[in-house]
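The values are calculated or read from the model by the stated rules, or taken from the named source; none is laboratory data. Since the structure is predicted, the reported quantities are computational estimates derived from the model, not experimental observations. Reconstructed Cβ throughout: ideal geometry from the backbone, glycine too, with neighbour counts over all protein chains shown. Please note that ligands, DNA and RNA were not included when accessible areas were found on the heavy atoms of the full protein model with its side chains. Shrake-Rupley method; radii C 1.70, N 1.55, O 1.52, S 1.80 Å.
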Amino acid sequence: MRLDPEIRRRCILPLLAGALASVYLFGFVPLDRKAESLDAPLEKSWRRLAAALGPTNAVRLDFVSLTNQFMETRAALAAFETARKQAQARVELDETLRGQLGVPFQLVDYQIAAGRQMDTLGQLAKQQGVLLEPAVVAGYPRQTADMTEPALLWAELAFLDGMLTTAINAKVTTIHSVAAPLPLTNAPPTSGSPSLAEFPLQIELTGPVLSVARFLQALPLRASEIKAAGLPEAPTNKPALFIDRLVLRKQSPDKPDEVRLSLRAVGFVFRE
């Protein structure tokens, strides 16, 4: 018995509707939920990128501008790396001093070297007509109980020698005092990364304006740079010292060309 086409159509339509509903409920809906779950990390990253670039509700990002920003960032990183290498080269210590920092500290050896340096500076001061007051010798760095890395005294001694020799050769009138507070050190280097130690030095002196100006000009220079600039001589191994703060005032109304300088300078040591 053949069914009427209209009856067959009416029977098939509910079946098709059920099949489509099943495909929707058991196929499309789970697939849609899975797609949404996969989109969540992408949307999160997209929002983080948009926030980093500035817009907080960005729907579309300007990838040309984004590429330019990446290029500028890479250029800035390259410039920073170049500056870091130049700074490290400027504060690089001579080979002898690096060797002293790398071996166990011997107090007797240090005291002998410090005594010799004081004698040499005293003789140079007499030749240049510079007065060294007793506070200069008293301000020399000494080992103390709270000093965790006494080998760093060698660096302080070298920094102090460079600063005093430069001042004497600049022909200041009087060096009143020097001081070498404890160095400021970072945590010991790990995984091959360099550690930086800062050495503060203080000096107070009196002299003609021109002499004091030459001293300040020569302080951050290496010995070769000082010679090229035509400034007073300095030790061949003179490290660079950087001016942190200074106070300059006239000494007296009777001597308008003479000034008194109170200076805090710092030296740096990279430790591997």
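Worth pointing out:
- Condition met for VAL178 (open to solvent by less than 40 Å² (accessible area, probe 1.4 Å) and not in a helix (DSSP H, G or I)): yes
- Residue in the range 196-203 that is aromatic (Phe, Trp, Tyr) and within 25 Å of GLN128 (Cα to Cα) present: no
- Within the option set VAL259, VAL247, VAL266, being open to solvent by less than 90 Å² (accessible area, probe 1.4 Å) and within 18 Å of the chain's Cα centre (by Cα) holds for one residue only, VAL266.
- Residue within the range 94-111 that is of a type in the set (D, E, K, R), in contact with a strand residue (DSSP E or B) (Cβ under 8 Å, 6 or more places away or on another chain) and part of a loop (DSSP other than H, G, I, E, B) present: no
- Residue ID - nearest to the chain's Cα centre (by Cα), chosen from residues in the range 57-108 that are modelled with pLDDT of 80 or more, over 30 Å from ALA158 (Cβ atoms) and charged (D, E, K, R): ARG74
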